[in-house]
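All remarks here apply to the structure that follows.
The values are calculated or read from the model by the stated rules, or taken from the named source; none is laboratory data. What you are looking at is a predicted structure, and each value in this text was computed from that prediction instead of being measured. No Cβ is skipped: glycine too gets one built from the backbone with ideal geometry, and neighbour counts run over all protein chains shown. To get the accessible areas, we keep the full protein, side chains included, count just its heavy atoms, and leave off ligands, DNA and RNA. Shrake-Rupley method; radii C 1.70, N 1.55, O 1.52, S 1.80 Å.
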Amino acid sequence: KKADYVSVREPYSLAVLNETGIDSHLEMDDAFKLNSNFIPELSEEQVKLMLSEKKLVGVSAEGWSMNRMHVRGKLIEVLKALKREGNYHFVFITTHSVRELSDVKKDAEGFLDNCSFVRPKTWKEAVLTFKMLNVVFAVSLHSAVFSLMNNVPTIGLYESEYYKMKLKGTMEMLGLGEYALDARKVTVDKILEKFRRLMTHRVTDNTAHA
C-alpha cells in the first residue's frame, strides 16, 4: 500500500523519515485545530450528564491499563476520597478504544454507582463532553487539550518522561504547569489540594486557560 501524504507531529520523526527517503510534513496535532464553537447534537448519555445535580468530574481513560500503575493507583485513591464527600459524579472518557472503558470498570467497582462511561464518536462530540465537566483529570495530551480549550480546570497526571514532555510541556505553555503532576512523586493529599483549589477558585484559574 502507498500513502499519498505523510505527516508527523515533531521534528525528530520528520528528520528520521526524510533521511530514509520518505517525503513527510510537520503538522500540529488535529486536536489543536478544533473549534469549540458549534451547535451540538446531544447523545442520550450527554443529556443525562447535563441534567445531573452533582459536580461532574472528568477522568480520561486513555491507556488506563498501559503501564500507568502510578497514575491509575493515585487516581483511584483520589476518586474514592471524593466519593466519600458525596457531591461528585465521575465521567470516564476515552477518545481511543472502548476496551479502555472496560478496563476502568474493573478498577472502579467501588464507585460504579456514581459514574458514567463515555466514548465520543466524533471530535465535536468529544469537545462537547469535556465542555460539560467541572474539572478534568487528564492523563493524555488530547484529554488536556479538549478540556483546556473549553476553559475547564484541568489536573494533568503523568508517570513517564515522554508524557512529561507532552502533557506538562503543554500546560506550562499555558501558564498551568503547577497543575501537571508527576504521579510517581505526588501524594494523594497534594492532588486533592490542587483539585479543591480549582473547584474553589474556578473563575480565577480559568482566566489562565484562555
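Can you tell me which residue within the stretch 63-86, out of those that are hydrophobic (A, V, I, L, M, F, W, C) and within 16 Å of the chain's Cα centre (by Cα), is surrounded by the fewest Cβ atoms within 10 Å (Cβ to Cβ)?
The qualifying residue surrounded by the fewest Cβ atoms within 10 Å (Cβ to Cβ) is Met66.
What pairs can you find where one residue is in the stretch 1-16 and assigned to a loop (DSSP other than H, G, I, E, B), the other is among the hydroxyl-bearing types (Ser, Thr, Tyr), and their Cβ atoms are less than 6 Å apart, with a gap of 6+ or different chains?
Taking only residues 6 or more apart or on different chains, the pairs are Val6/Ser24.
What's the total number of residues in the stretch 195-210 that are within 26 Å of Arg84 (Cβ to Cβ) and either modelled with pLDDT of 85 or more or open to solvent by less than 50 Å² (accessible area, probe 1.4 Å) (or both)?
The number of residues fulfilling the criteria is 6.
Could you please find all residues in the stretch 10-46 being surrounded by fewer than 10 Cβ atoms within 10 Å (Cβ to Cβ) and either within 14 Å of Thr129 (Cβ to Cβ) or at pLDDT 80 or above (or both)?
Correct list: Glu19, Thr20, Gly21, Asp23, Glu44.
Can you give me the number of residues within the stretch 89-116 that are among the β-branched types (Val, Ile, Thr) and in a strand (DSSP E or B)?
2
Restricting to the stretch 87-104, what's the tally of residues that are more than 12 Å from Gly58 (Cβ to Cβ) and at pLDDT 80 or above?
Residues flagged as more than 12 Å from Gly58 (Cβ to Cβ) and at pLDDT 80 or above within the stretch 87-104 amount to 2.
Could you run through the stretch 164-173 and say how many residues are over 18 Å from Phe195 (Cβ atoms) and touching a residue at least 24 places away in the same chain (Cβ under 8 Å)?
Result for the stretch 164-173: 2.
Please note which helices (runs of 4 or more DSSP H) are completely contained in the stretch 117-194 and include at least 1 residues that are open to solvent by 40 Å² or more (accessible area, probe 1.4 Å), more than 20 Å from Ile76 (Cβ to Cβ) and among the hydrophobic types (A, V, I, L, M, F, W, C).
123-131, 169-173
Pairs needed: first member in the stretch 67-83, at positive phi; second member anywhere, β-branched (Val, Ile, Thr) and surrounded by 20 or more Cβ atoms within 10 Å (Cβ to Cβ); C-beta distance under 8 Å; at least 6 residues apart or different chains.
No pair meets every condition.
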